[in-house]
1. Hey, Tyr22 hits all of (1) exposed (fewer than 13 other Cβ atoms within 10 Å of the Cβ); (2) within 30 Å of Leu86 (Cα to Cα) but one; which does it fall short on?
2. With the requirement that a residue be among the hydrophobic types (A, V, I, L, M, F, W, C) and within 16 Å of the chain's Cα centre (by Cα), what does the stretch 67-104 give you?
3. Looking at the stretch 43-59 only, could you name the residues that are of a type outside the set (Asp, Glu) and either assigned to a helix (DSSP H, G or I) or surrounded by 12 or more Cβ atoms within 10 Å (Cβ to Cβ) (or both)?
4. Take Val28 and decide whether it is exposed (fewer than 11 other Cβ atoms within 10 Å of the Cβ), out of contact with any helix residue (DSSP H, G or I) (no Cβ under 7 Å at 6 or more places or on another chain), in a helix (DSSP H, G or I) and of a type in the set (Val, Ile, Thr).
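Values quoted throughout were computed directly from the atomic coordinates according to the rules given, and no laboratory measurement underlies them. For clarity, every value in this text was computed on a predicted model and none was experimentally measured. Backbone-built Cβ (ideal geometry, glycine too); neighbour counts: all protein chains shown.
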Amino acid sequence: MSEAVTMTSVRGQGMLGYLPGYYASSRVMCSLMASEGTELDLLQRALDETLAQFFVDTATWGLDRWESDLGIATDPMKPLDQRRSLVKSKLRGTGTVTVALMRSVAESFDNGAIEVTQQAVALHSDDSLRRYGRIAA
């Protein structure tokens, strides 16, 4: 009649460890700790999964929200890695364009190795705007 309760829950085992030793042989307490521990294990898993959605590198079902916030069209048929790369490039690609920014955006894509060099451009004024009367002379 005294069947041992199988404790598969990590948190159930932990909670049972906080109780006095004589509860370890009680079927009622072991069943209670096993069932409550299972629920707490599920809750912890849900919390961990929700926390993962706050980071682009670990987001799964939360990528839809990232894409929506950044104005990216959501395509659930694309692989998660490709969608993550697009979100990261959109996050990195704001502001003044510099060599470092271009390198950062390119590297946010998988296999995004790129060599960026800056070439100085000769600046000159264009008088064509004055001829058409758009700039006061």
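1. So Tyr22 meets the others, but not (2).
2. Taking the stretch 67-104 first, the residues among the hydrophobic types (A, V, I, L, M, F, W, C) are 70, 72-73, 77, 80, 86-87, 91, 97, 99-102.
Across the stretch 67-104, the qualifying residues are Leu70, Ile72, Leu80, Leu86, Val87, Leu91.
3. Step one: list which residues in the stretch 43-59 are of a type outside the set (Asp, Glu), which gives 43-47, 50-56, 58-59.
Listed by number, the residues that qualify are Leu43, Gln44, Arg45, Ala46, Leu47, Thr50, Leu51, Ala52, Gln53, Val56, Thr58, Ala59.
4. Numbers: exposed (fewer than 11 other Cβ atoms within 10 Å of the Cβ): yes; out of contact with any helix residue (DSSP H, G or I) (no Cβ under 7 Å at 6 or more places or on another chain): yes; in a helix (DSSP H, G or I): yes; of a type in the set (Val, Ile, Thr): yes.
Yes: the conditions hold for Val28.
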